[in-house]
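Just below is one structure, and these are the notes that go with it.
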Amino acid sequence: MVEQEAVALKRLEKRIGRIHLQQRLGIEAEHATQIFGRGRTFFHIENWYSIHALMRLALRVTGLYRRGLRNAAALQIRRTEIVLPRLPAAFDGFTLLHLSDLHLDANPAYPMALIERLQQVEYDICVMTGDFRARTHGPHQAALAALARVRPHLRSPIYAILGNHDSIRMAAGIERLGIVLLLNESVALERDGATLHLAGIDDPHYFQVDNFDKAAANIPPDAVAILLSHSPEPYRLAAHAGFDLMLSGHTHGGQVCLPGGIALLTNADCPRRFCKGAWRYHTMQGYTSVGSGSSVVGVRFNCPPEITLHRLQISPSPRMA
């Protein structure tokens, strides 16, 4: 197993570069449990495991824990229409299934709840914006095993990026399932002779190994391009890099919110309007998923989990006009 991982990492080094791989592995080894200091935000509650137990205890004492668990399992299907006037005609109506923050190993029952929703949707491609694992460090085999259960219920092609909970050591296992990871890379989607570019950056939140130069290197300046970014935090860089649409997650929409969906904490260094749902910055549109899974404590209040269908259109549909 150790030898296989060494071979996989060597292949990955040739693909993404020695510096990128060393940065990822180095930060994972030295700062995996760091609660204060690193990354775009100063405080990382997801790394503070001792307080997670106290939060669960407090919810049990107040009688809210079971209700929160039920809320976290009530996956919703959200649908959006994204108007991109420069979209090639061949891609008018093209639909992306957006999954984010799965945290698949957090609850043994969760993969089946996700599978049930996946059987109810139609789409052209699936995109996944990171955080397959529940914890931020340690073993990742359970997360990969849970992803293997879900994979047969996902239609190809599937493109994904890594989040701040994911180890670079998971890359080979994810790709063995037929999921294409975009590690500061891009692919060209072809349809009836037209092209739509899809790029993905590595985690910009905690590891800060996002590289827009590499991600956009093969995208022509005038092409329509979509960016996958685990967190919405680098929205300025994405907009000025010329992306038309940015799809993100990470924030969970707050996960535990006041009535009206007002988040108590978003854990992202950007204005709150970028932390949930649809938004726009200059000419770039964006969507930040509230996530399919749950982190820190497996509960949700006033912020139901989602899987999202984004339908791309050249012009607004009659009901939107």
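Annotations
- Candidate set from the stretch 46-94 (those that are among the β-branched types (V, I, T) and farther than 30 Å from L196 by Cβ); member that is modelled with the highest pLDDT: T62
- In the stretch 214-223, the residue that is farthest from L84 (Cα to Cα) out of those that are out of contact with any His (no Cβ under 7 Å at 6 or more places or on another chain) and either surrounded by 16 or more Cβ atoms within 10 Å (Cβ to Cβ) or of a type in the set (K, R) (or both) is K214.
- Residue within the stretch 95-113 that is in contact with a Leu (Cβ under 8 Å, 6 or more places away or on another chain), exposed (fewer than 15 other Cβ atoms within 10 Å of the Cβ) and small (G, A, S) present: no
Here is a yes/no grid of residues against (1) surrounded by 23 or more Cβ atoms within 10 Å (Cβ to Cβ); (2) out of contact with any Asp or Glu (no Cβ under 8 Å at 6 or more places or on another chain):
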site: F212; (1), (2): no, yes
site: F243; (1), (2): yes, yes
site: L258; (1), (2): no, yes
site: G277; (1), (2): no, yes
site: G291; (1), (2): yes, no
site: R300; (1), (2): yes, yes
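- Some residue of the stretch 280-293 being over 28 Å from I158 (Cβ atoms) and touching a His at 6+ places or on another chain (Cβ under 7 Å): no
- Filtered residues of the stretch 281-305 (kept if farther than 21 Å from F132 by Cβ and touching a Gly at 6+ places or on another chain (Cβ under 7 Å)): F301, N302
- Listed conditions (1) modelled with pLDDT under 65; (2) surrounded by 16 or more Cβ atoms within 10 Å (Cβ to Cβ) are all met by R24, apart from (1).
- Summed over the stretch 267-307, the residues that are under 18 Å from L99 (Cα atoms) and assigned to a loop (DSSP other than H, G, I, E, B) give a count of 14.
- The C-beta contact set for the stretch 187-214 (first residue closer than 22 Å to G249 by Cα and in contact (Cβ under 8 Å) with a residue 60 or more places away in the chain, second residue polar (S, T, N, Q) and in a strand (DSSP E or B), distance under 7 angstrom, 6+ apart or interchain) comprises L198/S186.
- The set of residues in the stretch 267-279 that are modelled with pLDDT under 95 and either within 17 Å of D131 (Cα to Cα) or touching a His at 6+ places or on another chain (Cβ under 7 Å) (or both) comprises N267, A268.
- Qualifying residue in the stretch 197-218 (condition: closer than 23 Å to A146 by Cβ, out of contact with any Pro (no Cβ under 8 Å at 6 or more places or on another chain), modelled with pLDDT of 95 or more and outside any loop (DSSP other than H, G, I, E, B)): yes
- Those strands (runs of 3 or more DSSP E) of the stretch 79-166 in which at least 1 residues are under 16 Å from R311 (Cβ atoms) and within 16 Å of the chain's Cα centre (by Cα), considering only elements entirely within it, cover 95-99, 125-129.
One line per residue, one yes/no per condition, for (1) over 25 Å from P304 (Cβ atoms); (2) more than 17 Å from the chain's Cα centre (by Cα):
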residue: G173; (1), (2): yes, yes
residue: L181; (1), (2): yes, no
residue: L196; (1), (2): yes, yes
residue: Y206; (1), (2): yes, no
residue: N211; (1), (2): yes, no
residue: K214; (1), (2): yes, yes
residue: I219; (1), (2): yes, yes
residue: L245; (1), (2): no, no
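- With respect to (1) closer than 29 Å to A223 by Cα; (2) not in a helix (DSSP H, G or I), the lone exception for A239 is condition (2).
The values are calculated or read from the model by the stated rules, or taken from the named source; none is laboratory data. On a predicted model such as this, the values are computed, not experimentally measured, just so you know. We place every Cβ from the backbone using ideal geometry, glycine too, and count neighbours over all the protein chains shown.
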